[in-house]
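Heads up: the structure comes next, in structure tokens.
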Amino acid sequence: MQKPRILIIEDDEMQAEIYEDALADFEVFRARTGREALAMLPRAAPHVIILDHILDDGDLGLDYLPELKEALPHVPVVVISGAMDVHDQMEALQGPRRAHYCLTKPVDIEDLRKTIATALHECGEAEIVRSFESLERSRRADIHDLLSRSTDRLSRQNEILRLVKDASGRPNISALARRFNVARRTIIRDLHELIRRGQLPSSVYPPWEGEGDMDPEETPRGPVERPSPSAS
């Protein structure tokens, strides 16, 4: 079985050796700059990236984070730095091209090992699979809810049809709304759908001119204008 690959982006030789010794159970390879790391990715994509923030020639590891995540969006990145304040750490851990973890120098080796183990187990491809599974469950729930609401609406409309098709005069909208525990406008829409489908004659509930689907009893009325004293 192939060992997980860890890419270490670190310019300091001694620090890089510490990481390599701590992660001897993995296949470890190293880049000294962000550009060198980006050039390596097509040849050997890592399972985890360890990114030092302060690199050679004033390079900042976080400046390369967007490009690293653009190239390998599913690969977890562990940022390591002794120069990042809390604001910088929070910024690195937010957004679509974020790091997964931030560790502060000097790094506790046992903490580093645990972080890498968690990243391999919880992030990367496993994280993508969980996201797809969650999306699929959400879609199934949405479809089930849509079908359920559609079934409820058809059942209610069939019952309304039974109640009003042989009745004389306009149906009592308020009574139907109370019976089915829905809004008055819902009953009005149901009646109009039954009329459009030809299951009820239009005379059962004719549209109220100028008010669309609004019931005449719901038509808003403005204040009554009274004549001014001068007009009398």
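Here are a few things to note about the model shown:
- Residue within the stretch 146-153 that is in contact with a helix residue (DSSP H, G or I) (Cβ under 8 Å, 6 or more places away or on another chain), at pLDDT 85 or above and farther than 30 Å from V79 by Cα present: no
- Filter result for the condition that a residue is modelled with pLDDT under 75, assigned by TED's automatic domain parsing to the domain that holds D12, closer than 18 Å to I9 by Cβ and within 33 Å of the chain's Cα centre (by Cα), over L93, L65: L93
- Selection of the stretch 165-198 for residues being surrounded by 15 or more Cβ atoms within 10 Å (Cβ to Cβ) and in a loop (DSSP other than H, G, I, E, B) yields P171, V182.
- Only helices (runs of 4 or more DSSP H) whose full extent lies in the stretch 1-78 are considered here, and the ones with at least 3 residues that are closer than 18 Å to H100 by Cα are 61-71.
The values are calculated or read from the model by the stated rules, or taken from the named source; none is laboratory data. Everything numeric here is computed off the predicted structure, so don't read it as measured data. Heads up, the Cβs are rebuilt from the backbone with ideal geometry, glycines too, and the neighbour counts pull from every protein chain shown.
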